[in-house]
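Structure, as structure tokens:
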Amino acid sequence: MSNQNLKPEPKTPAPAEPSAQAAEAAAAAGAPEAPATENGAEETQLQADMERFRDLAMRTQADFENYRKRAIREKEEAVKYANAALIERLIPLLDNFELGLQAARAEGSQGVIVGFEMVAKQFQEFLASCGVEAVEAEGKPFDPNFHEAVGHEASDTVAEGIVIRQLRKGYKLRDRLIRAANVFVSKGKA
């Protein structure tokens, strides 16, 4: 064997990857490289995220402000109606006291009546100073927000839907109903 005919073969460059060729062609043409396009997309995404977080921060701030206002309002209501439970327990005592006063009037003992009237007046003044007021019922149109109908009665003199008589007084603490008045309501002419 002779080594004369052995010439080294010329080396041909390996084919380049298509994306590398495209990047080289784009660079030669003066177009921006692909990473620059990705930076633009990232920048757009960051802008969108920033707007979303800004909106979220504003909503959270508004929610907090609403919470703060609600907490103040609830605290004011709690102070305003703090004695409601005590008042609810005192009202039946006033009812029984008034029944005792009516019984004393029926028997006619003046000393007892005067004593009962003085205590009743003082008790009513105390409740009034606490913001308690009686619900007016007799002669008024029936209002289910303030009256509890326990029956209907026919009446030739009182129009239908008007309270004829009151069995038990109703009471409000400021603007909140504590107990509805128990009433009989007219159903008109018989």
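Readers should treat all values here as calculations from the given coordinates under stated rules, not as data from a laboratory. All figures in this text were calculated on a predicted structure; none of them were measured in a lab. Glycine also receives a Cβ, built like all others from the backbone with ideal geometry; neighbour counts cover every protein chain displayed.
So for the stretch 72-86 (the condition being in a helix (DSSP H, G or I) and among the aromatic types (Phe, Trp, Tyr)), does at least one residue qualify? Within the stretch 72-86, none of the residues are in a helix (DSSP H, G or I) and among the aromatic types (Phe, Trp, Tyr).
Residue by residue, here is whether (1) surrounded by 12 or more Cβ atoms within 10 Å (Cβ to Cβ); (2) free of Cβ contacts under 8 Å to residues at least 40 places away in the same chain; (3) in a strand (DSSP E or B); (4) touching a Leu at 6+ places or on another chain (Cβ under 9 Å) holds:
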position: GLY139; (1), (2), (3), (4): no, yes, no, no
position: GLU148; (1), (2), (3), (4): yes, yes, yes, no
position: HIS152; (1), (2), (3), (4): yes, yes, yes, no
position: SER155; (1), (2), (3), (4): yes, yes, no, no
position: ALA159; (1), (2), (3), (4): no, yes, no, no
position: GLN166; (1), (2), (3), (4): yes, yes, yes, no
position: ILE178; (1), (2), (3), (4): yes, no, yes, no
position: PHE184; (1), (2), (3), (4): yes, yes, yes, yes
position: GLY188; (1), (2), (3), (4): yes, yes, no, no
